[in-house]
1. How do the peptides 219-226, 98-105 rank, highest first, by the average count of neighbouring beta carbon atoms within 10 Å per residue?
2. Between A250 and A38, what length in nm is gained on full extension when 0.36 nm per residue of separation is reduced by their alpha carbon distance?
3. Quote to one decimal, in nm, the extra length available between R3 and D226 on full extension: 0.36 nm per residue of separation minus the C-alpha distance between them.
4. First measure r as the distance between the Cβ atoms of A105 and S265, then evaluate 1/(1 + (r/R0)^6) with R0 = 35 Å and state the FRET efficiency to the nearest 0.05.
5. Could you grab the relative contact order for the chain? Cα pairs under 8 Å, six or more apart, rounded to a whole percent.
6. Sequence-distant or interchain residues sharing an amide H contact under 5 Å with F6, placed H: which?
7. Just to verify a number: FRET efficiency for A199 and A124, C-beta to C-beta distance, R0 = 25 Å, to 0.05?
8. By the gyration tensor of its Cα atoms, with a ≥ b ≥ c the square roots of the eigenvalues, what is the shape of segment 1-60: rounded for a/c under 1.5, prolate for a/b over b/c, or oblate?
Amino acid sequence: MDRVGFIGLGNMGRPMASNIRRKQFPLAAFDLNPAAVAALEALGAEAAPDVATLARGADVVVTMLPGPREVSATVLGPVLGNIRPGSVVMDMSTVDPETTDALAAACAAKGVGFVDAPVGRLAAHAERGESLFMVGGSAADVARMRPLLEAMGTTVHHCGGPGAGTRAKLVNNHLAILLCQLNAEALSLATAFGLSLEAILPVLHGTTATNGQLAVNWPNKVLKGDTQPGFAIDLAHKDLSLILGAANAARVPLPMAAAGREAFSLARARGMGGRDFSAMLDAQCAAAGVEPPRLT
Ligand code: NAD
């Protein structure tokens, strides 16, 4: 079994690393937040004192960090400075293609494998080991990562060579995140029209208007009054910014994404960046001057 070093134990990384440990992989864990590391220690993981020590002792280093800045600083610095040739770096964070391609090149230059495997579905799925992975990498590297991926999720899509997973993730999140703003607008309008959720939701779910956010995420989060972040508005705003930057580089116009990103900017300006992305409903209702609807 590969010895795994896992860096980044937040809303996603903690359950993912926990599921790896439950499958008996030898695991060392690191996060800037000591409480997050303690939760993994309780499952029998080793607490790494720093990234360099973790990288020296690992056959596979997994990163699940907020974004490009944290991933680049970690992988291009202490990880590649200490990892042995023949090991693999698997970045599972949501980053942009430019970052992923730079990581892949730097790993190749050191004789280290590289896989990008960003994660689909919600934090609740990660808790249950039911995540979906969009994977980029060589056939050999992906085959080596498969037991780890299967410890954390149910579905592995090998999208192509290094960088293909990151690109697939940005396409996925373009739709998944913008649906939050569309749902928020629709439900604020319904509320202003005096339509209850009990009246409007069966209509929306009975037509092509329905969508995964409205059907799967929202009933378990904002519509029942839970805006604790599974996926924070700040991270959704980061992803829309990555999507717009990458689309701009590819000369692909995304007018809806540009408008949607600024709706998320408004929510952040209201101090809501730390709330779940379904709380875009509350930001929109505040703008519309209506009470956010809740399931009773
Ligand atoms: P989070 O903010 O909950 O967790 C990030 C963790 O990284 C925190 O524990 C933080 O202390 C740690 N950290 C930050 N900088 C660090 C550093 N330099 N060294 C070590 N640890 C550091 O974020 P999350 O929701 O777990 O998301 C992680 C990544 O996964 C992001 O790229 C996000 O876009 C992506 N993602 C999130 C979800 C979701 O539903 N939450 C789903 C799919 C993908």
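The values are calculated or read from the model by the stated rules, or taken from the named source; none is laboratory data. Everything numeric here is computed off the predicted structure, so don't read it as measured data. A quick note on method: Cβ atoms are made from the backbone with ideal geometry, for glycine too, and the neighbour counts reach across all protein chains shown. Each accessible area value is taken on the protein alone, full model and side chains, heavy atoms only, with ligands, DNA and RNA left out. Shrake-Rupley method; radii C 1.70, N 1.55, O 1.52, S 1.80 Å.
1. So the peptides 219-226, 98-105, ranked by packing, come out 98-105, 219-226.
2. Result: 72.1 nm gained on full extension.
3. Here the segment from R3 to D226 would lengthen by 76.6 nm.
4. The value I calculate is 0.60.
5. Reported as a whole number, the value is 14 percent.
6. Residues meeting the criterion, in which the H sits 1.01 Å from N, are A28, A29, F30, V62.
7. So, using R0 = 25 Å, E works out to roughly 0.40.
8. Since a/c reaches 1.5 but b/c is at least a/b, the shape of segment 1-60 is classed as oblate.
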